[in-house]
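K.L.:
I have a structure here, written as structure tokens, and I will follow up with some questions on it.
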């Protein structure tokens, strides 16, 4: 995840730096008011409200080392939907408590809160009712597995039923191409399930969480968990083999708990459009590969405030290939794996929101 961290006091800055240096594999950018000193590279702002407005859709998570009331006032004008808003965390300036404030489930805010708290040796504060009661909510499971819960009103109904100890069934679409992966994930979490067709799911009598690629299914008892597209942004040296690229991509997927079969598309810079290994990899995976001109990549870099490599910029005219190319493929994306280097390749993974 890409995290924007805001601090306004000297002690808050110290905690922010501690977090930046200790949490992986997340990308952490620290935002400080102009004039405040820091021992690490930071981004500057004149007004906190302007910085939050700019970063709210650029980053996967916003972390505030300051009073909760300030954070609430800063994010309030930008809230749209629990399905697309970034995770928002608040920590006291001494890093003693970390609060999951927004997008705890779908935005993975609760999980991030626990990881940030562990990094700071702080106490995580998670208030979502299902978590407090030790229950795995369907929308939290969806975030873990790269699924999108639909329709939105059914999320609250399912979680309410869980809290009232009403029965909820899980089912996997028998026509789902990655059925084995999701079934293994349910078994790992000791969640009983059955296989069924979409037709059977539509007429289910009990509340049912249905893992399916059909995002058009609607019934009063059905919450669908639909696989999100996972885009692989890739950069590589000239003449790299398909097997070397595949090994890097497989390792990247493993780092986020996914398989190669989860990849929906590969993206890179236009200078790689004749790269045989890259084309062969896309062909073997049966996915589309898209290439973007440096001007397009640069626009995405600026829109998201992505980190750039001066060397790469001199070579192709844009200083970020992996993350920028992957983000070019989606209207809104969440970085699952920041740009990661292998011996002859770099990979970034982006979930479509």
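K.L.:
On the given criteria, is residue 9 at pLDDT below 90 and over 23 Å from residue 327 (Cβ atoms)? So that I can check it myself, show each step before the final result.
P.N.:
Values: at pLDDT below 90: yes; over 23 Å from residue 327 (Cβ atoms): yes.
Against the criterion (at pLDDT below 90 and over 23 Å from residue 327 (Cβ atoms)), residue 9 qualifies.
K.L.:
So residue 333 passes all but one of these: (1) modelled with pLDDT of 95 or more; (2) closer than 27 Å to residue 180 by Cα. Which condition number does it fail?
P.N.:
(1)
K.L.:
Can you tell me how many residues within the range 71-85 are in contact with a strand residue (DSSP E or B) (Cβ under 7 Å, 6 or more places away or on another chain) and closer than 25 Å to residue 11 by Cα?
P.N.:
Going through the range 71-85 one residue at a time, the tally reaches 2.
K.L.:
Right, something else. Looking at the structure I just gave you, is residue 103 at positive phi, crowded, with 20+ Cβ neighbours inside 10 Å and touching a residue at least 60 places away in the same chain (Cβ under 8 Å)? Full working, then the answer.
P.N.:
Numbers: at positive phi: yes; crowded, with 20+ Cβ neighbours inside 10 Å: yes; touching a residue at least 60 places away in the same chain (Cβ under 8 Å): no.
So residue 103 fails the test.
K.L.:
Something else: Do you know which of the residues in the range 18-30 that are assigned to a helix (DSSP H, G or I) and touching a strand residue (DSSP E or B) at 6+ places or on another chain (Cβ under 7 Å) is nearest to residue 304 (Cα to Cα)? So that I can check it myself, show each step before the final result.
P.N.:
Initially, the range 18-30 is screened for residues assigned to a helix (DSSP H, G or I), giving 18-22.
Next cut, touching a strand residue (DSSP E or B) at 6+ places or on another chain (Cβ under 7 Å) only: 19-20.
Working: 19: 21, 20: 19 Å.
Applying the filter and picking the extreme gives 20.
K.L.:
Okay, next question. Are any of the residues in the range 116-129 within 18 Å of residue 333 (Cβ to Cβ), touching a helix residue (DSSP H, G or I) at 6+ places or on another chain (Cβ under 7 Å) and modelled with pLDDT of 95 or more?
P.N.:
No, the range 116-129 contains no residue that is within 18 Å of residue 333 (Cβ to Cβ), touching a helix residue (DSSP H, G or I) at 6+ places or on another chain (Cβ under 7 Å) and modelled with pLDDT of 95 or more.
K.L.:
Can you name the strands (runs of 3 or more DSSP E) wholly within the range 237-353 that have at least 1 residues being touching a residue at least 12 places away in the same chain (Cβ under 8 Å), touching a helix residue (DSSP H, G or I) at 6+ places or on another chain (Cβ under 9 Å) and surrounded by fewer than 18 Cβ atoms within 10 Å (Cβ to Cβ)?
P.N.:
On the way: elements: 263-269, 288-292, 333-341, 345-352.
Per the criteria, 288-292, 333-341.
K.L.:
Could you identify the single residue in 96, 44 that is closer than 27 Å to residue 128 by Cα, surrounded by fewer than 14 Cβ atoms within 10 Å (Cβ to Cβ) and not assigned by TED's automatic domain parsing to the domain that holds residue 308?
P.N.:
On the way: 44 fails: closer than 27 Å to residue 128 by Cα.
On inspection, the qualifying residue turns out to be 96.
K.L.:
Condition (residue is without any contact (Cβ under 8 Å) to a residue 12 or more places away in the chain, closer than 30 Å to residue 151 by Cα and loosely packed, with under 15 Cβ neighbours inside 10 Å) applied to the range 81-89: is it met by at least one residue? Before you say what the answer is, go through the steps one by one.
P.N.:
Filtering the range 81-89 for residues without any contact (Cβ under 8 Å) to a residue 12 or more places away in the chain gives none.
For the range 81-89, residues without any contact (Cβ under 8 Å) to a residue 12 or more places away in the chain, closer than 30 Å to residue 151 by Cα and loosely packed, with under 15 Cβ neighbours inside 10 Å: absent.
K.L.:
Being crowded, with 20+ Cβ neighbours inside 10 Å, part of a helix (DSSP H, G or I) and at pLDDT 95 or above is the requirement here; does residue 113 meet it?
P.N.:
Working: crowded, with 20+ Cβ neighbours inside 10 Å: yes; part of a helix (DSSP H, G or I): yes; at pLDDT 95 or above: yes.
Against the criterion (crowded, with 20+ Cβ neighbours inside 10 Å, part of a helix (DSSP H, G or I) and at pLDDT 95 or above), residue 113 qualifies.
Rundown of residues vs (1) modelled with pLDDT under 95; (2) surrounded by fewer than 17 Cβ atoms within 10 Å (Cβ to Cβ); (3) more than 26 Å from residue 255 (Cα to Cα), yes/no style:
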{"site": "133", "(1), (2), (3)": "yes, yes, yes"}
{"site": "158", "(1), (2), (3)": "no, no, yes"}
{"site": "169", "(1), (2), (3)": "no, no, yes"}
{"site": "179", "(1), (2), (3)": "no, yes, no"}
{"site": "182", "(1), (2), (3)": "no, no, no"}
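K.L.:
Could you say whether any residue in the range 72-83 is at pLDDT below 90, in the same structural domain as residue 122 (by TED's automatic domain parsing) and within 25 Å of residue 142 (Cα to Cα)? It would help to see each step written out before you state the result.
P.N.:
Step one: list which residues in the range 72-83 are at pLDDT below 90, which gives 82-83.
With in the same structural domain as residue 122 (by TED's automatic domain parsing) added as a condition, the list becomes 82-83.
Subsequent filtering for residues that are within 25 Å of residue 142 (Cα to Cα) retains 82-83.
So far as the range 72-83 goes, yes, one or more of its residues are at pLDDT below 90, in the same structural domain as residue 122 (by TED's automatic domain parsing) and within 25 Å of residue 142 (Cα to Cα).
K.L.:
Here's a follow-up. Would it be correct to say that residue 204 is surrounded by 15 or more Cβ atoms within 10 Å (Cβ to Cβ) and modelled with pLDDT under 95?
P.N.:
Numbers: surrounded by 15 or more Cβ atoms within 10 Å (Cβ to Cβ): yes; modelled with pLDDT under 95: yes.
Yes: the conditions hold for residue 204.
The values are calculated or read from the model by the stated rules, or taken from the named source; none is laboratory data. Nothing here was measured: the structure is a model prediction, and the numbers come from that model. Glycine gets a Cβ as well: all are built from the backbone with ideal geometry, and neighbour counts include every protein chain shown.
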